[in-house]
Amino acid sequence: MNSNVFCRYDLRTTDPAAAEAFYSEVIGLEFKGSPSSKEPSMIAVWLLHEQARARGAPPHWLGQIGVADVEATMQRLVERGSERLSPLLRAQDGVAFATLRDPLGAVVAVRATADRPGCSPVVWHQLHTQDLEKAWAVYSELFGWTRTERLDVPDPEGGHQMFGWDGSGKSIGSMANTARWPGVHAHWLYYFPVADIEAASAKVRAKGGRVLRSPAVLPAGDRLLPCEDPQGAAFGLLQPG
């Protein structure tokens, strides 16, 4: 069975060494499968390609969803309005992957894998989109994700739709029309676990990063805090409830 879940996260940045040091010092994140390591991993850091920079792409995290057939999945996504951003590529280990922009503008990748990952470094996946129901239809139909709780709030319109990978009822992320807010573009935001969100946010600031707003609280009591690293890549912190 193919995984149909996020199986890898790549930080594409203008200063890999500085970014690696920042995440290690702030949240203890260890990068592998990157220029500083030959070991495969779910997480890596790379220099942002000069062509991407020329197009105006800022440093960012790119999540890759595991699928059985990359080319077939890309075709189905394009049929639903997605845009291919890269041809079918192969990593050094021969694994196929490709990057696209979903129909609402969020960049994501698909990667060939038959296995679901074990312990992921990312504990929450938040999609900022402009059309929650359209986005939900794309991801749920292609990857089999299921609705869980719904947080009804007046803003953003439509509230926050929590979702899980399967029918277990466990929420691993949310989608909302937050890309309609001024200054917010469509994108996936990935949250890393911390024991103390106040202490972690203080480290973010001390090491040159930014805390973007006050923590939000999920129905289960988890606290979420969006941030930016010193190079400008968005990421999040999550303190379990």
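The values are calculated or read from the model by the stated rules, or taken from the named source; none is laboratory data. Here the structure is a predicted model, which is why all the values come from computation and not from measurement. Positions of Cβ are generated from backbone atoms using ideal geometry, with glycine treated the same way; all protein chains shown enter the neighbour counts.
Checking the condition surrounded by 14 or more Cβ atoms within 10 Å (Cβ to Cβ), in contact (Cβ under 8 Å) with a residue 60 or more places away in the chain and of a type in the set (Val, Ile, Thr), which residue from VAL107, VAL70, VAL95 passes? I'd like the intermediate steps shown before the answer.
Details: VAL70 fails: in contact (Cβ under 8 Å) with a residue 60 or more places away in the chain; VAL95 fails: in contact (Cβ under 8 Å) with a residue 60 or more places away in the chain.
VAL107 is the lone residue from the list that is surrounded by 14 or more Cβ atoms within 10 Å (Cβ to Cβ), in contact (Cβ under 8 Å) with a residue 60 or more places away in the chain and of a type in the set (Val, Ile, Thr).
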### Task
Mind listing whichever residues of segment 182-224 are of a type in the set (A, V, I, L, M), closer than 16 Å to PHE22 by Cβ and buried (at least 17 other Cβ atoms within 10 Å of the Cβ)?
VAL194, ALA200, VAL204, VAL211
#### Entry: Candidate set: segment 19-46, residues that are among the hydroxyl-bearing types (Ser, Thr, Tyr) and part of a loop (DSSP other than H, G, I, E, B); chosen: the one modelled with the lowest pLDDT
SER37
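Report yes if ARG80 is of a type in the set (Lys, Arg), touching a Phe, Trp or Tyr at 6+ places or on another chain (Cβ under 9 Å) and either buried (at least 19 other Cβ atoms within 10 Å of the Cβ) or under 19 Å from HIS187 (Cα atoms) (or both), otherwise no.
The answer is no for ARG80.
Out of the residues in segment 74-90 that are in a strand (DSSP E or B) and of a type in the set (Lys, Arg), state the one that is farthest from VAL107 (Cα to Cα). Before you say what the answer is, go through the steps one by one.
From segment 74-90, those in a strand (DSSP E or B) are 83-84, 89-90; that's our starting set.
If we keep only those that are of a type in the set (Lys, Arg) too, we end up with 84, 90.
Numbers: ARG84: 10, ARG90: 19 Å.
Taking the candidates together, the pick is ARG90.
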### Task
Examine segment 53-73 for a residue that is part of a helix (DSSP H, G or I) and under 18 Å from the mean Cα position of the chain (by Cα), and state whether such a residue exists.
no
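Name the residue that is farthest from the chain's Cα centre (by Cα), counting only residues in segment 116-166 that are part of a loop (DSSP other than H, G, I, E, B) and among the small types (Gly, Ala, Ser).
Within segment 116-166, the subset part of a loop (DSSP other than H, G, I, E, B) is 116-123, 129-131, 144-145, 152-159, 165-166.
Checking which are among the small types (Gly, Ala, Ser) leaves us with 118, 120, 144, 158-159.
On the way: GLY118: 17, SER120: 12, GLY144: 18, GLY158: 21, GLY159: 20 Å.
By that ranking, first place goes to GLY158.
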#### Entry: TRP61 vs. criteria at pLDDT 95 or above, among the aromatic types (Phe, Trp, Tyr), within 19 Å of ALA233 (Cα to Cα) and surrounded by 14 or more Cβ atoms within 10 Å (Cβ to Cβ)
yes
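The rows are residues; the columns are (1) at pLDDT 95 or above; (2) of a type in the set (Asp, Glu).
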site	(1), (2)
PRO154	no, no
GLY169	no, no
ASN177	yes, no
ALA186	yes, no
ARG205	yes, no
PRO215	no, no
GLU228	yes, yes
GLY236	yes, no
GLN239	yes, no
### Task
Please go through segment 222-241 and pick out each residue that is in contact with a Pro (Cβ under 8 Å, 6 or more places away or on another chain), under 22 Å from VAL153 (Cα atoms) and outside any strand (DSSP E or B).
ASP222, PRO240
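Out of VAL211, VAL184, I need the residue that is more than 18 Å from VAL123 (Cβ to Cβ), among the β-branched types (Val, Ile, Thr) and free of Cβ contacts under 8 Å to residues at least 24 places away in the same chain. Which one? Break it down stepwise before answering.
Values: VAL184 fails: free of Cβ contacts under 8 Å to residues at least 24 places away in the same chain.
The unique qualifying residue is VAL211.
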